[in-house]
There are 2 protein chains.
Amino acid sequence: MKNILVIGAGRSASSLIRYLLDKSESENLNITIADLSEELAKKKTGNHKNARAIAFDIFNEKQRREEITRANIVVSMLPAHLHLEVAKDCLTIGRNMVTASYVSPAMQDLDKEVQKKGLIFMNEIGLDPGIDHMSAMKVINEITTNSGKMILFESFCGGLVAPESDNNLWNYKFTWNPRNVVLAGQGGTAKFIQEGTYKYIPYNKLFRRTEFLEVEGFGRFEAYANRDSLKYRSVYGLDDALTVYRGTIRRVGYSRAWDILVQLGMTDDSFIMENSENMSYREFTNSFLPYHPTDTVEIKLRHAQKIDQDDIIWDKLLELDLFNAEKKVGLKDATPAQILEKILSEKWSLKPEDKDMIVMYHKFGYELDGEKKQIDATMVCIGDDQTYTAMAKTVGLPVAIATLKILNGEIKTPGVQIPIHKEVYEPILKELEEYGVIFKEVEIPYLGYNPYNVSS
Amino acid sequence: MKNILVIGAGRSASSLIRYLLDKSESENLNITIADLSEELAKKKTGNHKNARAIAFDIFNEKQRREEITRANIVVSMLPAHLHLEVAKDCLTIGRNMVTASYVSPAMQDLDKEVQKKGLIFMNEIGLDPGIDHMSAMKVINEITTNSGKMILFESFCGGLVAPESDNNLWNYKFTWNPRNVVLAGQGGTAKFIQEGTYKYIPYNKLFRRTEFLEVEGFGRFEAYANRDSLKYRSVYGLDDALTVYRGTIRRVGYSRAWDILVQLGMTDDSFIMENSENMSYREFTNSFLPYHPTDTVEIKLRHAQKIDQDDIIWDKLLELDLFNAEKKVGLKDATPAQILEKILSEKWSLKPEDKDMIVMYHKFGYELDGEKKQIDATMVCIGDDQTYTAMAKTVGLPVAIATLKILNGEIKTPGVQIPIHKEVYEPILKELEEYGVIFKEVEIPYLGYNPYNVSS
């Protein structure tokens, strides 16, 4: 029997745990699910005979070391800042490790010692980061192995509501952390490179410079730029590509309406509003508009943002109940962003029967034998229910598959790493297809941004 | 003979020093001008027989204490963060002190001991803060002493170019620190209270919610909101006033054009631009606009910001040379704000013959015997030349006058303080009139924001 220790049994661990339990018989696995809440761990194991659910405190050094020693491999689904304690023990005790989180500088610092001990610390093997790395590197490596030269790479990902549950005007519901959605784009100016020129988009323009994406069978989407488009440029071998761009996917029309909230100042998280607790939704909205003795809040907002009365944006704002004079915010010392999150949560939370959807879209532009070509790769994954969501599947399954393949010696190159090498992405992408995570690759005429090679 | 020590002989000290030298004969003064640069100190004393210019290092404890001991009163015109060393010595040695800077928490902490020793540490007695406090408190005290009830206070100040030197389309030149002008409004969301309702203006709307001001003989101005409108609400006794608003004055049309630079992202100081040194002005502008294979930078900007070709905004942008493909930025690792400051400095620097102008405008709304009334007070000061600028006069003269009046015992209430008491502001405002710093007060019909008392 081989022992797997999974630390953290939260939302993103559901599909991961189910996969391992399903394989436990054929693969001879004993699985320990460790969580601060024993109840949560038990819920996920469901009395499976090859599973053991335990209450686990990451700061209890003795317990931590005992459990890691007991295991053949450790999966950490903890919040990112807690991985390091686990990693240090894995290094000392000599255990492989898997996480879905970004490689922190402290994690990277362990690389030499991890290699010396012949261990594998696999990171960024969830959805984004994770499936994006693997699906991009597969195509990029195919192109360059075939002597193609990469000239464009664009990559988009979004967590959305599935078409069958899409029943509000924004075509959006919270499928993950609502706070991140409200604060999206506030980390700093978006930077990318487009046809050889560095481009910068400030926050106040971010949601007005979107790009359309068409996914067969699912219609049209839009994407706004991520802050960190260039983070993986060198890692992916794209230093000579003229265009490198990453973005976040929404349904068409979301960004134009969201921009109204941005422009008003409702997404601001930098100050506390006076008397936020007893403020009505209408007063909240009014506090971002000039005073007028007779004009209504509605007309002031329409005027300030130049919204025609028959513009769908207006209906979207009404749907959020922003002008309701009865509903109270009820949050003490809250920032505008916290208040907006509360208002949106009433409208954008998933109902028990709702399903979520993950959409990923890559564009690969390249030159081969003097000719410009393009491959587009798209993946759509729809959740089964509120436990085995598309998010839980796409984050958890690659982690689970990688864990087994490391355990079985199929993945063997040691080091602190991310899944950009063929040894890793090829078998994992292949197995993901069995679970409905399938990329459709199509060759299309090269579009790029400068199809006629005009200089500007 | 009485000894005055003036530490710091920079731009804002010119009028201050001239005032003291002019009074040195009649008032029996010996004046020591101490600056890191002995040359600068000498330039300001000009071999005056009652003056002594010395090289002075604020971090040389021995020299600092010797000079403070020698003096009867100390004026610190140092950068704000350096006052505290001087203040501590003044407290130990037992000397009065005057600064034009905001009272820091550390300075405020000295209050009890300063009072115990019967000393006066007078702060915020320049222009803004300084003349604004004095001129506002004079009218507020008159109103409330007369049983009036304050319902509205608005206060505006701006450093501008004098009409005779106003020869660019922006009607603006740098008369003080250019960096502060570029970064204006970025400290945080502007907050104020208007007819009893707290209002918030985010940075991206700040320059689009201006208010017009008419100054007799000088025409129309506009003002955008300061971040800290409520800072002095309690200090001025305005806790019950329905409207408290402070703003910065520009000529009409400045803000609408400046907003274009804000919206593009050119005022951003949070990131370093790639290859800033070798970038042309045109490339700088283009980096904030989407790529297009054939459209020019000009048409892309006009389209993105919806600027008609016959809109004066367009001429203002052309005047800045933002589309020049020959001129290089020439700044290594620069932020957009640093690059913009450089571009503007070429166009907005004062010529040797140019004069500056300070404009201050207060509105006082109050209720007396059931009737609503309003007093407007305005002050315009024009510089003599590039040494005795309006800024140097309005910052330095109140400091100088206060210094003499403390020395002569005319101002005698001890403590760490700002000039909000009659004992201080009355004689100083009166003497300032001799130097052309004159407030015109006029009673006008109460305007406020809700003259007909309509609720909303």
So the B/A interface buries, both sides summed and with a 1.4 Å probe, an accessible area in Å² (nearest 100) of 3200 Å²
Pairs over 27 Å Cα to Cα, from A:Lys191/B:Lys199; B:Lys42/B:Lys351; A:Lys231/A:Lys347; B:Lys23/B:Lys62, come to A:Lys191/B:Lys199; A:Lys231/A:Lys347; B:Lys23/B:Lys62
at B:Gly187 the sorted inter-copy label distances (label 7 Å from Cα on Cβ side), in nanometres, are 3.0
FRET efficiency for B:Leu36 and B:Gln186 from the Cβ-Cβ distance with R0 = 35 Å, rounded to 0.05, comes out at 0.70
Inter-copy distances for A:Asp310, nm, shortest first, label points 7 Å along Cα→Cβ, are 2.9
Taking Cα pairs closer than 8 Å and at least 6 residues apart, the relative contact order of segment B:56-198 in percent is 13 percent
About its Cα centre, chain A carries a charge dipole, from +1 on Lys and Arg Cβ atoms and -1 on Asp and Glu Cβ atoms, whose size in debye to the nearest 20 is 900 debye
HN-Hα couplings for segment B:13-27 via Karplus (6.51, -1.76, 1.60; θ = phi - 60°), in whole Hz with x for Gly/Pro, come out as 9, 4, 5, 4, 5, 4, 4, 5, 4, 4, 8, 5, 5, 5, 9
Measuring from its Cα centre, the protein assembly as shown shows a charge dipole (+1 at each Lys and Arg Cβ, -1 at each Asp and Glu Cβ) which, in debye to the nearest 20, is 1780 debye
As a Kirkwood estimate from alpha-carbon pairs, chain B has a hydrodynamic radius in angstrom of 23.9 Å
Ordered by number, the residues of segment A:196-227 with at least 50 Å² less accessible area in the assembly than alone (1.4 Å probe) are A:Lys199, A:Tyr200, A:Asn204, A:Lys205, A:Arg209
Per the rule of 0.36 nm per residue minus the C-alpha distance, extending A:Glu367 to A:Lys430 adds in nm 20.0 nm
Cross-link reach from B:Lys306 to aspartates and glutamates, straight Cα distance under 18 Å and at least 8 residues apart if same chain, gives A:Asp259, A:Asp308, B:Asp259, B:Asp295, B:Glu298, B:Asp315
B:Asp333 and A:Thr387 label points (each 7 Å along its Cα→Cβ direction) are spaced in nm at 5.4 nm
Whole-percent tail of the Cα-Cα distance distribution for segment A:32-135, cut at 21 Å, equals 38 percent
Relative to chain A, whose Cα atoms define the longest principal axis, helix A:83-93 and its Cα axis are tilted in degrees, nearest 10, by 10 degrees
Averaged over residues of B:265-275, the number of beta carbons from other chains lying within 10 Å of each residue's Cβ is 3
With the label set 7 Å along Cα→Cβ, B:Thr69 is separated from its counterparts in the other copies, in nm and shortest first, by 6.9
Taking R0 as 45 Å and r as the Cβ-Cβ distance between A:Asp111 and A:Glu277, the FRET efficiency 1/(1 + (r/R0)^6), rounded to the nearest 0.05, comes to 0.35
For segment B:2-122, the percent of accessible surface on carbon and sulfur atoms (probe 1.4 angstrom, ligands and nucleic acids excluded) is 48 percent
Dipole check, chain A, charges on Cβ (K,R +1; D,E -1), about Cα centroid: among A:Ala55, A:Ala9, A:Leu368 the Cα furthest to the positive pole belongs to A:Ala55
accessible surface per residue for chain B, probe 1.4 Å, DNA/RNA/ligands not counted, whole Å² -> 42 Å²
Taking the chain alone as reference and the full protein assembly as comparison, with a 1.4 Å probe on protein heavy atoms only, the residues of segment B:289-307 that lose at least 40 Å² of accessible area are B:Tyr291, B:Pro293
Once the dipole of the protein assembly as shown is set up from charges on Cβ (+1 Lys and Arg, -1 Asp and Glu), the residue from the list A:Val297, B:Pro79, A:Asn146 lying farthest towards its positive end is B:Pro79
Note to self: C-alpha centroids of segment A:17-80 and segment A:260-336 sit apart, in Å, by 46 Å
Full extension between B:Lys49 and B:Ala325 adds, at 0.36 nm per residue less the Cα distance, a length in nm of 93.8 nm
With T = 4 °C, eta = 1.567 mPa s and Kirkwood Rh from C-alpha pairs, the Stokes-Einstein D of the protein assembly as shown in µm²/s is about 40 µm²/s
Here, A:Leu82 and B:Lys149, labelled 7 Å along Cα→Cβ, have an inter-label distance in nm of 5.7 nm
Note: A:Asn408 to A:Arg65 extended length (0.36 nm per residue) minus current alpha-carbon separation gives 121.2 nm
The size of the Cβ-based charge dipole (Lys, Arg +1; Asp, Glu -1) of segment A:2-122 about the Cα centre, to the nearest 20 debye, is 260 debye
Cα-Cα longer than 23 Å, checked against B:Lys138/B:Lys393; A:Lys138/A:Lys440; A:Lys363/A:Lys430; B:Lys373/B:Lys430, kept in input order, equals B:Lys373/B:Lys430
Relative to chain A, whose Cα atoms define the longest principal axis, helix A:131-145 and its Cα axis are tilted in degrees, nearest 10, by 70 degrees
Sequence order, segment A:148-158: Karplus ³J(HN,Hα) from phi using 6.51 cos²θ - 1.76 cosθ + 1.60, θ = phi - 60°, Hz rounded, Gly and Pro as x, gives x, 10, 5, 10, 8, 9, 10, 9, 10, 8, x
To the nearest 0.05, the calculated FRET efficiency linking A:Asp295 and A:Glu214 through their beta-carbon distance, R0 being 51 Å, is 0.75
In the protein assembly as shown, taking the dipole from +1 charges on Lys and Arg beta carbons and -1 charges on Asp and Glu beta carbons about the Cα centre, the listed residue (A:Ser255, A:Pro419, A:Trp314) farthest towards the positive end is A:Pro419
Segment A:2-122: relative contact order from alpha carbon pairs under 8 Å, six or more residues apart, as a whole percent, is 24 percent
Whole-Hz Karplus couplings 3J(HN,Hα) for segment A:358-372, θ = phi - 60° and coefficients 6.51, -1.76, 1.60, Gly and Pro as x, run 10, 10, 10, 9, 10, 10, 10, x, 8, 10, 9, 6, x, 10, 8
Looking along the axis that carries chain A onto chain B, the residue of A whose Cβ comes nearest, with distance in whole Å, is A:Asn204, 2
Filtered hits (lysines, Cα-Cα < 17 Å from A:Lys112, offset >= 8 within chain) -> A:Lys88, A:Lys412
Restricting to Cα pairs under 8 Å and 6 or more apart, the percent relative contact order of chain A works out to 20 percent
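The values are calculated or read from the model by the stated rules, or taken from the named source; none is laboratory data. Since the structure is predicted, the reported quantities are computational estimates derived from the model, not experimental observations. Cβ sites come from the backbone with ideal geometry, for glycine too, and all protein chains shown count toward neighbours. All accessible areas refer to the heavy atoms of the entire protein, side chains included, with ligands and DNA or RNA removed. Shrake-Rupley method; radii C 1.70, N 1.55, O 1.52, S 1.80 Å.
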